[in-house]
Every structure is written in C-alpha cells, then in structure tokens.
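**Student:** First the structure, which I've put down as structure tokens, then a few questions once you've had a look.
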Protein chains: 2
Amino acid sequence: MPQRIGKDTIFLPSRPRVLGHAALGGKKEAQGPLSACFDQTFDDTRLGMKTWEQAESKLQTEAIHLALDKAALAPGDVQAIFAGDLLNQCISSTFGLRELNIPFIGQYGACSTMAQSASMAALFVDSGVCETAAAVTSSHFCTAERQFRLPLEYGGQRTPTAQWTATAAGALIFGKSGGEVCAEHVTFGRITDFGIKDAANMGAAMAPAAASTLTAFFSDTQTKPEDYDAIFTGDLGKVGSALLLQLLEKNGLDLSKRHRDCGLLLYDTEKQDVHAGGSGCGCAASVLCGHILQEMEAGRLQNILLAATGALMSTTSSQQSESIPGISHLIHLRIRT
Amino acid sequence: MPQRIGKDTIFLPSRPRVLGHAALGGKKEAQGPLSACFDQTFDDTRLGMKTWEQAESKLQTEAIHLALDKAALAPGDVQAIFAGDLLNQCISSTFGLRELNIPFIGQYGACSTMAQSASMAALFVDSGVCETAAAVTSSHFCTAERQFRLPLEYGGQRTPTAQWTATAAGALIFGKSGGEVCAEHVTFGRITDFGIKDAANMGAAMAPAAASTLTAFFSDTQTKPEDYDAIFTGDLGKVGSALLLQLLEKNGLDLSKRHRDCGLLLYDTEKQDVHAGGSGCGCAASVLCGHILQEMEAGRLQNILLAATGALMSTTSSQQSESIPGISHLIHLRIRT
C-alpha cells in the first residue's frame, strides 16, 4: 500500500516490477547513438499508413504489443492502461489503443507524460487496484511540426535553442512480481512558470519544473544525487540541462556528476542537426523503455531517477502571448535488492 | 485500501468524503433549469479577461477556490489535483491551476474528464496516498466553437443532433472524513468505437461507451439500475440518451426509470436553442458539483451513479475521416450510511 513520505513523494512498498518494455523509433532515431536500443525502427515516416497521425498511433499500438509479448501477457491480462501524447485531444493514444479493450485512463503531461503514466501504472499495482498496469506514449516529428509549428513543406529555419521532436514511442508493463527492475518512489510535480515565452526554447521553460521536482524528491527521501547511479531528465536539451544544474546548485544540490538528459542521449547533437536536442513524449519514453531499462537489466545501472519534463502550452496560448508553464514528474527505479 | 471487484470496478472501502464542491456557469446556464444550483454565474463571456481561453481558465481557478473555501481548506492542504479540459494541450487547466502550487496530474477523457478526475481523487484518498485530493474541469462555448467548429462570427447553422458546449466548471475535494456524501466505487471505461463519423452527433458516438461501462459496473457489483435513486450520464443529449436505453435493453438492463442526462438537465432544450442538449467537460462537472451533490446533501438523493462520457476525437482525426471513439468513466456516490 503506497505511503506518502515528506511533502510530494510516494513510496511504493511492494515495489512493482517492470514485466516488459519496448522502444520504437523512426529513421533519425535509428541513426543516433541509441540505435541498438530500439526494439524496432522504421524508415518510412508513415509506417505504411495513410497519414502521419495514423503512423504515430501505430507506434503506440506496436510498442504496447511488443511490451506485452516480452512480458508474455495478452491485452486481457492488463487492468488499466495510462497513455497520452502531444496531439490535440491525445488522438495518438486514443486511436492507437482503441482495439486493445483495456480500461483506458488518458493522461496529459506534455513531454512528461511517460513519467506520469509509468508512475500511475506503478501506483495502481502497488495499491492493489491492478495486478498488471501499462503505460505508453509517443511523439512524431511530422505530426508535431504541422500541429505546433509550420507545414513541413515550408522548410522553416530553426533557432539554435529549438529541439527536435522525436519520432518514437515507449511502453512498459508493471506487475506484482517477476522482472528485475522495480519502482520504489514516484513524485508528482507542481506547475512552475518562470515567465519564459519563447516556444523555441522549451528547455528553459521546463528546467525550473525539473529543479522543483528533484529538489522535492531529495528532500522527501533524505537522499542526495550521489546516491543514484544516474539521474535522467526527460528532454531539457542543451539549454535546459545547463539551466537545471545552475538552479539546483542554488538549492545546494550538485547534479553534474549524475545528470544525463534523454534529449541529449537520443541524438548526436553535433552531427544530426537537432540543434539543442530531442524532445516530445516519445523521447523520454523510448530512452526509458529502451536504453535505460536495458542498462539496468544488464547490471550497468542499479538505481536511477527519471524526471521527465513537459511544457504546458498550446499554439493558442503562445499566440495569445502567454508564458510557458512547465511540469516534471519523477519515477525512481532500481534493481530489486 | 482500494479493492478490485469483478472485472473493471474498484471498491473504495474507506469511502472518501466530498469535503467541498462548487459549480460555476455562464449566462445561458444561468437561464436554464439549474440556475439556482450554481455557486456563481457570469454574464460576461470573457469574465473580465482578455480572451475566452483566459476566461475558461478563470472558471477553473474560481471553482477550485470556492470548493476549497467551502471545505475550509487552503491550497496547501491538498496533495494532488486532477484536472483536464477540451482545449488543445488542456491549457484551461494548466493556466487556471498554475498559481495553486498543488501537485498537478493532468487527465484527459474529453467530456468524461470530471468523472475520471473525481474517480482518481477518490482513489488517491482511499489508497492513503493523499489526505485530501481535488478534481476540477471546465468548458467554454466560445473556446470550443472556435477550436472545434467555426469562428463564432461566421454564425454557422447547427444540425438537430448537435449539442451545445456548456460554459461551466465544477470542482470538488475528497478527504478522509467530514462531509455526508462519499464515493464507494469507481469504474474506468474501455474505448468503444461503433464507427460513427458525424462530429455533430457525438451523443451517438458516446452512447456505446456509457452502455459498456454501466454494464460492467452492474455486473461487477451484482446490482441493478433500481438499486440506485438516479443514474446520470454525462452529456449524451437527446440522441445519445435514447440510444443508451436501447443498447442497455439488449443487455437486459432497464435504465428508463432511473436515467437522467446532465446535458438534458442543464438546459431547457425546448426553449434554449441548444438542439440535442448540453455537452463539454463543464457540463457533467457543473451538474455534479452543483445540482447532484446539492440534491444528495438535501436528502433527496441517497445513492447515485454518474457515468460521464467523452468523444475521443480531434478536428484532425475528423478531417482525416476517422470515426469517433468514445469512453465513459463512472463514479458511485452515496450518502454515508
């Protein structure tokens, strides 16, 4: 039965286990440094579908089926699925998961959606509500560009602070037993807003949220950054990562030796023309469900934090000159001791 | 500690209590049959703000503050807030709640968002994760029209099956003790899709989801419609309500004596030019947090179900000729025995 410790952190005494996980990526992701970590990659941006939106939905469908297969489970064995994405009204998730016939609880945390959904799934297992619960999310460069920015055909210039929306998905399944990796704590974040208005600099908008959630977690658990093998942020990119380290230093926390950012891991930022790094719900999701969990299962990482971050804006809010609020949700994973 | 009963239903043994609730509405809602049930109504569609989107955010801010006041609580007393809305990337919630500094867990269930969020808040209290948890959602006729349909200035014609998006919000606070109304069960729904493609007939798209969730609930709890004083659906309107009764009849369930629909209660459908009835996240939210909870506290209703429904489409999915998947989440409320 879950227990609140400190102010914002929830301890999961039964330590729900990761029973299966899968990461999918597009062509650019397949050319990046994490190429070998994907279960499947696709050269065709449409994945053989009629539209990019259908392709993004298919990323979720395939990711969840692969994760279920690896856990030797059928959709009917799962009592709840938590999912969401960046598209208006989260259609990648609703269309991608409608055939599964699993109780569906839609989540929205922008690019933090995977940490939020995984935390929910772990919590539902720990509280006894589910034997097995799933989390999945996705993003797609082409659906995001045309929805949030400009038609791809326009070939717009990108600023150096801009990030590249990953074409990727990640899915994982939590259950009561089996599997070496378990969830020990989750921390749901508070909305922060430092007044950043530049939608081409979301790293800066999201860094304060990551700082807030990480500070709360270390304080609640009375631990320090050195207690973890690695502390992953979702997709702060170059600009947001530097800012996060500065903000945490002010709180007396030195993250520099442990920090890694999913947005900087997914691509070679020197060679792949992604400017400040990767972003999108699929970025943290695929790095978690590919690279991070593989490193843990291989014994190279024992004890990690993932604090994914989201920019809670829309094109309407930006056009109306609003600032960009951020949020960060955290999940603490470790090898079962 | 919550317990799964049957296939999809979760029993909440500690029966979390409704500590405070508030309903807000616009001008049309103030002219409807539930006029006296609102805590506050607004003649100005902008609520004194610069944009309709800011006005909708303000509906959420005001609703949650009123609910907190009635519960004699401050924002700092609440450990989690569940919220979402119909606007792209749920900006009504994120902008409306950013000043509260409460851990924020964004939910998306289209017009079922209030039942989903309230269920989550009740569940978090029952599992011991929160002492106090909140749920809030909203919709606004003007923000919805321009996002989903046409600019208001165009004055487009509406078909008879179309529903009217409510300008309204509802908020409620669950806690461990205090308050007469408690949550006893929640049921998270499965996505259903009967292939309806007409975005001006969402009642028909959502009715199968309500039928699915209600059928699961009655089967899981081994109860029948007559065991409840009233069974409210979210916003099926005229078309969807008739269809729901037909679908349930096929499952051997006669809902006709107990069924009421929030979309038909909120307006006088003969006189108020709303065609098939009300809709929007704020419809079920304001009817629940105004009318329903007031009727319960006045002793006129003891034992009710609310099965809110959502149409999980976007303008993009409709323009791409996709069908409209539906979902329905259910919460069972009763007077504490």
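Each reported figure results from applying straightforward, stated rules to the coordinates on display, with no laboratory input. Here the structure is a predicted model, which is why all the values come from computation and not from measurement. All Cβ positions, glycine included, derive from the backbone under ideal geometry; neighbour counts span all protein chains shown.
**Student:** To check you understand DSSP bridge types, tell me what percent of the beta bridges within the protein assembly as shown (both residues inside) are antiparallel, rounded to 5.
**Tutor:** Within the protein assembly as shown, antiparallel bridges account for around 65 percent of the total.
**Student:** Where in the range B:1-110 are there GluC sites (Glu not before Pro) that are in a DSSP coil and have at most 11 other Cβ atoms within 10 angstrom of their Cβ?
**Tutor:** Listed in order of number, the matching sites amount to none.
**Student:** Calculate the length of the line joining the C-alpha centroid of the range B:8-44 to that of the range A:3-19, in whole Å.
**Tutor:** Comparing the Cα centres of the range B:8-44 and the range A:3-19, I get a distance of 33 Å.
**Student:** Shifting gears a bit: What residues qualify as long-range amide H neighbours of A:L19, i.e. H under 5 Å apart, gap of 5 or more or another chain, H built at 1.01 Å from N?
**Tutor:** Sorted by chain and number, the residues that satisfy this are A:I173, A:F174, A:G175.
**Student:** Let me ask something additional. With an 8 Å cut-off on Cα pairs and a minimum separation of 6 or more residues, tell me the relative contact order of chain A in percent. Each step should come with its number before you reach the end.
**Tutor:** Values: 919 pairs, mean separation 85.1, N = 337.
25 percent.
**Student:** Taking square-rooted eigenvalues a ≥ b ≥ c of the alpha carbon gyration tensor, is the range A:3-175 rounded, prolate or oblate, where a/c under 1.5 means rounded and, failing that, a/b exceeding b/c means prolate?
**Tutor:** Prolate.
**Student:** How far is the Cα center of the range A:94-123 from the Cα center of the range A:187-203, in Å?
**Tutor:** First find each Cα centre; the distance between them is then 22 Å.
**Student:** Taking the label point as lying 7 angstrom from Cα along the Cα-to-Cβ axis, what are the distances from A:Q222 to the corresponding position in the remaining copies, in ascending order and in nanometres?
**Tutor:** 4.8
**Student:** Dipole of chain B, Cα-centred, from +1 at each Lys and Arg C-beta and -1 at each Asp and Glu C-beta, to the nearest 20 debye?
**Tutor:** 300
**Student:** What size of dipole, in debye to the nearest 20, comes out for the protein assembly as shown about its Cα centre when the only charges are +1 on Lys and Arg C-beta atoms and -1 on Asp and Glu C-beta atoms?
**Tutor:** On the way: 54 positive and 68 negative charges, 57 e Å.
With Lys and Arg at +1 and Asp and Glu at -1, about 280 debye.
**Student:** Explain nothing, just compute: Karplus ³J(HN,Hα) = 6.51 cos²θ - 1.76 cosθ + 1.60, θ = phi - 60°, for every residue of the range A:160-175 in order, whole Hz, x for Gly and Pro.
**Tutor:** x, 7, 5, 10, 9, 5, 5, 8, 6, 8, x, 9, 8, 10, 9, x
**Student:** Net charge near A:R158: determine it from the other residues with C-beta under 11 Å of the C-beta of A:R158, scoring Lys and Arg +1 and Asp and Glu -1.
**Tutor:** Working: positive: A:R149; negative: A:E145, A:D273.
Charge balance in the 11 Å sphere: -1.
**Student:** Now, a different point. Does the range B:276-330 come out rounded, prolate or oblate, given a ≥ b ≥ c as the square roots of the eigenvalues of its C-alpha gyration tensor, rounded meaning a/c under 1.5 and, failing that, prolate meaning a/b above b/c? Spell out each step's value before the answer.
**Tutor:** Numbers: a/c = 4.50, a/b = 2.86, b/c = 1.57.
Because a/c hits 1.5 or more and a/b exceeds b/c, the range B:276-330 counts as prolate.
**Student:** How high is the relative contact order of the range B:181-335, given as a whole-number percent (alpha carbon pairs under 8 Å, six or more residues apart)?
**Tutor:** Normalised by residue count, the contact order of the range B:181-335 is 39 percent.
**Student:** Considering the options A:Q157, B:V136, B:G326, tell which one lies farthest towards the positive end of the dipole of the protein assembly as shown, charges being +1 on Lys and Arg and -1 on Asp and Glu at the Cβ, about the Cα centre.
**Tutor:** Highest projection toward the positive end goes to B:V136.
**Student:** I would also like to ask the following. Pairs to check: B:K238/B:K271; A:K28/A:K197; A:K58/B:K250. Give those whose C-alpha atoms are more than 22 Å from each other in this structure.
**Tutor:** Beyond 22 Å between Cα atoms: A:K28/A:K197; A:K58/B:K250.
**Student:** How big is the charge dipole of the range A:3-175 about its Cα centre, in debye rounded to the nearest 20, if each Lys and Arg gets +1 on its Cβ and each Asp and Glu gets -1 on its Cβ?
**Tutor:** Rounded to the nearest 20 debye, it is 360 debye.
**Student:** Shortest first and in nm to one decimal, what separations exist between A:E131 and its copies in the other chains, measuring from label points 7 Å along the Cα-to-beta-carbon line?
**Tutor:** 3.7
**Student:** Let me ask another. How many partner chain Cβ atoms sit within 10 Å of a residue's Cβ in peptide A:4-10, on average, as a whole number?
**Tutor:** Details: counts 7, 0, 0, 3, 4, 1, 8.
What the average comes to for A:4-10 is 3.
**Student:** Please report how far the C-alpha centroid of the range B:227-295 lies from that of the range A:62-81, rounded to the nearest whole angstrom.
**Tutor:** Value for the Cα centre distance between the two parts: 35 Å.
**Student:** Can I ask one more? Can you list, shortest first and in nm, the gaps between the label point of B:S318 and those of its counterparts in the other copies, using a point 7 Å from Cα in the C-beta direction?
**Tutor:** Label-point distances to the other copies, shortest first: 2.5 nm.
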